[in-house]
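Note sheet for the following structure.
Just so it is clear, none of the values below were taken in a lab; they were calculated from the coordinates. Remember, predicted model here, so these are calculated numbers, not experimental data. When we count neighbours, we look across all protein chains shown, and the Cβ atoms used for this are built from the backbone with ideal geometry, even at glycine.
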Amino acid sequence: MQPRDLSDHVAYEAGRGIEEVARELGRDPSDFVKLASNENPHGPSPAAAVAIRETASSVSSYPKAVHADLRSAVADRWEVTDEQVWLANGGDGAIDYLHRATVVPGDTVLVPDPGFAYYGMSSRFHHGGVREYGLEREDDFAQDAETVLEAYDGDRLVFLTSPHNPSGSTIPLADVETLADATDDETLIVVDEAYGEFADRDSAVALIEGRDGFEARDDVAVLRTFSKAYGLAGVRLGYAVVPDEWSDAYARVNTPFAASELACRAGLAAIDDDEHVERTVGTARESRAYMRENVDAHVWESEGNFVLVDVGDGSVVADEMQERGVIVRDCSSFGLPGCIRITCGTDEETERAVATLNDVLATLDLERDSTDGTDDSSAEVADT
Ligand SMILES: *Cc1c(COP(=O)(O)O)cnc(C)c1O
């Protein structure tokens, strides 16, 4: 007896954790800072932490009332109906629900390359095919309707990531509208706004609801998460906002009690904790500006809580930084082997990351010069 043929499936490569790295290198966990998974450097919303503690004694019950309460609170936040909010086990869970609600064998989904690996993984779980549109490094990973339409071929779902992980680029809402207009009636455009709070951009919920001069439509959905700006990555809570026409499908596709009692209580507390979100967003903006100004390598402009850096060889630089106590994300698994992604940390963490990276870059430059100093070879290394 074997599982079904999973040879097309690839395991998700998460950013590495401090405990894991410290154990492997035989070092003390307190030597490390982790800026590899776009987590919140200020931790969870303090109000959510209190709510989680207080919920401990009631986790013997299924989360019925609180699930409904959180749905309402999220609906209020976006001024949509409760039914338009599909709570899930993380944004990833919401990605699964959108696939369950749409994909039948033979359908394809269109995803960005480079991009977030889970879109394609979820499609394959649901017997869908995966097609890609390219975001070009030479164009600074610019996103517009045309780039996506060139690759589009009647796909059932089209994923946009705005801000985009790992580059930090965004797509204007007018382009999302153009794209939704140009694609088939049966194509749902999913705008993944996992980093929406960090961006100076309006949410694509305006397109669903017909606000800000847009016409309401039934072919756009928006994805959001409590993992990043709210600091609840470990709790697993996210959701999709879907058009009114899609409301009925949730009850038919969701795993019963999609979000746990703890997750719902934490979410309810966090969603009102504006102070924590504002502080988090403020820190990310300062951190990404500091990195752009001070890193001795190309840093792309980012609207997220991370930056992408062109370091020549992401795997070597990430390993060297890790040796020096700073864990960042090598972007090979995103298809960008020349790059690393650094999560925005506190002032102190950001300064340490920049100093460490510059130090590593200088050391590698010296080593390269001493082994083979010709201009040609160093240009080649920088290009890869
Ligand atoms: C982090 C992230 C998500 C959602 O993560 P969850 O922790 O499952 O909520 C979704 N999309 C992108 C692009 C992300 O980076």
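Things worth noting here:
- Selection of GluC sites (Glu not before Pro), segment 213-300, meeting DSSP coil and at most 12 other Cβ within 10 Å: 215
- Compactness ratio for segment 285-360: Cα radius of gyration over 2.2 N^0.38 Å (N = residue count) comes to 0.96.
- Integer Hz, Karplus 6.51/-1.76/1.60 couplings in order for segment 342-355, x for Gly and Pro: 10, 6, 5, x, 5, 3, 5, 5, 5, 5, 5, 4, 5, 4
- If R0 is 22 Å, the Cβ-Cβ spacing of residue 368 and residue 297 corresponds to a FRET efficiency of close to 0.95.
- In order along segment 189-205, phi translates into HN-Hα couplings of 8, 9, 9, 7, 10, 4, 10, x, 5, 7, 9, 8, 9, 6, 6, 6, 4 Hz, rounded to whole numbers, per the Karplus curve 6.51 cos²θ - 1.76 cosθ + 1.60 with θ = phi - 60° and x for Gly and Pro.
- For residue 129, distant residues with modelled amide H under 5 Å away: 106, 107, 108, 109
- Highest-fluctuation residue, 350, 147, 187 considered, GNM on the chain with Cα pairs under 10 Å: 147
- P(r) tail fraction, segment 99-142 - alpha-carbon pairs more than 15 Å apart, %: 43 percent
- Here is how the number arises for the chain: DSSP H runs of 4 or more residues each give -39500 (n - 2.57), the sum is divided by the residue count, and the result at 222 nm is -12500 deg cm²/dmol.
- No disulfide-compatible partner, judged by a Cβ distance under 4.7 Å, exists for the following cysteines of the chain: 264, 344.
- Each semi-axis of the equivalent ellipsoid for segment 61-174 is √(5λ) with λ an eigenvalue of the Cα gyration tensor; in descending order they amount to 29, 18, 12 Å.
- For the chain, the longest principal axis of the alpha carbon atoms and the long axis of helix 90-102 meet at an angle near 50°.
- Proximal charge balance of residue 204 [Cβ under 12 Å; K/R count +1, D/E count -1]: -4
- Across segment 223-346, the relative contact order, built from alpha-carbon pairs under 8 Å that are at least six residues apart, equals 18 percent.
- Taking 0.36 nm per residue of separation and subtracting the current Cα-Cα distance, fully stretching the chain between residue 201 and residue 149 would add 16.5 nm.
- Taking a sphere under 13 Å around the Cβ of residue 266 and counting the other residues whose Cβ falls inside, with K and R at +1 and D and E at -1, yields a net charge of -2.
- Take the chain and mark each of the trypsin sites (Lys or Arg not before Pro) that is in a DSSP loop with at most 12 other Cβ atoms within 10 Å; the longest unmarked stretch, sites excluded, is 65-384.
- For the residues 260, 332, 123, a GNM of the chain with alpha-carbon springs under 10 Å puts the largest fluctuation on 332.
- GluC sites (Glu not before Pro) restricted to DSSP loop in segment 29-119 with at most 11 other C-beta within 10 Å: 79
- Taking amide H positions as modeled 1.01 Å from N, with prolines and chain starts lacking one, the residues under 5 Å from residue 161 and 5 or more places away or on another chain are 192.
- For the chain, alpha-carbon Rg and Dmax in angstrom: 21.3, 69
- Segment 152-199: GluC sites (Glu not before Pro) in DSSP loop, at most 12 other beta carbons within 10 Å: 186
- Of all DSSP beta bridges confined to segment 46-270, the antiparallel ones make up roughly 30%.
- Note that segment 53-67 has calculated 3J(HN,Hα) couplings of 4, 5, 7, 3, 6, 10, 6, 6, 9, 5, x, 8, 5, 5, 4 Hz, one per residue in order, obtained from phi through the Karplus relation 6.51 cos²θ - 1.76 cosθ + 1.60 (θ = phi - 60°); glycine and proline are x.
- Among 371, 255, 108, the residue with the largest mean-square fluctuation in a Gaussian network model of the chain, with springs joining Cα atoms closer than 10 Å, is 371.
- Computed on the chain, with alpha-carbon pairs under 8 angstrom and 6+ residues apart, the relative contact order is 21 percent.
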